[in-house]
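The values are calculated or read from the model by the stated rules, or taken from the named source; none is laboratory data. The model shown is predicted, which means the values in this text are computed figures rather than measured ones. Cβ sites come from the backbone with ideal geometry, for glycine too, and all protein chains shown count toward neighbours. Remember, those area values only see protein heavy atoms, side chains included, never the ligands or the DNA or RNA. Shrake-Rupley method; radii C 1.70, N 1.55, O 1.52, S 1.80 Å.
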Amino acid sequence: MKIAVYPGSFDPVSNGHLDIIRRAAKIFDKLYVVVSINKKKSSTFTNEEKVWMLKEVTKDLDNVVVEASQDLLLNYAQSKEACAIIRGLRNFIDYQDEITLFQFNRSIAPNIDTFILFPSANNLFLSSSSIKELVSFN
Ligand code: ADP
């Protein structure tokens, strides 16, 4: 059974995240979507709210489990026997962050691979922060 973990802030979940979740859920037998702490970002929503929103938008996907975790991502992934970490890529800025994260993760846990997935074109420019900015102006 191929198990993957898709971590993120999901503050809140966007169609871009959902795009990646749907693609990953087709490839892997089981996908854990995990709301994790990003110390570089302050959060608008609580973990409970983020998990609730993610569960709502993924309820048609039988092989997707949504959880929050305070644990180090690699410890969480190992506890789930995951062989892969899923990340989404929109642009070169994401690339720089993702390659740093990937190298760090691989140096600690070489048995867990990172899979980068691209969203469809209409989700390429979507971010949680731009959604929040739009909402703040009604
Ligand atoms: P983090 O705080 O860990 O960057 P995010 O919630 O911002 O978490 O995003 C989680 C993952 O989803 C990251 O790999 C990010 O690049 C990716 N992602 C975010 N928005 C999109 C999008 N519109 N299309 C594809 N991937 C995305």
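List of remarks:
- Filter result (more than 17 Å from Phe28 (Cβ to Cβ), more than 10 Å from the ligand (Cβ to nearest atom) and in contact with a Pro (Cβ under 9 Å, 6 or more places away or on another chain)) within the range 40-96: Thr44, Phe45, Glu49, Met53, Ser69
- Taking (1) open to solvent by less than 50 Å² (accessible area, probe 1.4 Å); (2) touching a residue at least 60 places away in the same chain (Cβ under 8 Å); (3) among the polar types (S, T, N, Q) in turn, Asn15 satisfies each apart from (1).
- Tally of residues being part of a loop (DSSP other than H, G, I, E, B) and out of contact with any Asp or Glu (no Cβ under 6 Å at 6 or more places or on another chain) across the range 90-119: 7
- Residues of the range 78-94 that are under 15 Å from the mean Cα position of the chain (by Cα) and under 20 Å from Asn38 (Cα atoms): Ala84, Ile85, Ile86, Arg87, Gly88, Leu89, Arg90, Asp94.
- The single condition from (1) at positive phi; (2) open to solvent by 20 Å² or more (accessible area, probe 1.4 Å); (3) not basic (Lys, Arg) that Phe10 fails is (2).
- Every residue from the range 58-70 that is touching a residue at least 24 places away in the same chain (Cβ under 8 Å) and either among the hydrophobic types (A, V, I, L, M, F, W, C) or open to solvent by 50 Å² or more (accessible area, probe 1.4 Å) (or both): Leu61, Val64, Val65, Val66, Glu67, Ala68, Gln70
- Scope the range 3-36; condition among the acidic types (Asp, Glu) and more than 7 Å from the ligand (Cβ to nearest atom); matching residues: Asp29
- Filtering Lys55, Lys26, Lys50 for residues that are of a type outside the set (Ser, Thr, Tyr), surrounded by fewer than 16 Cβ atoms within 10 Å (Cβ to Cβ), within 20 Å of Ala4 (Cα to Cα) and touching a strand residue (DSSP E or B) at 6+ places or on another chain (Cβ under 6 Å) leaves a single hit, Lys55.
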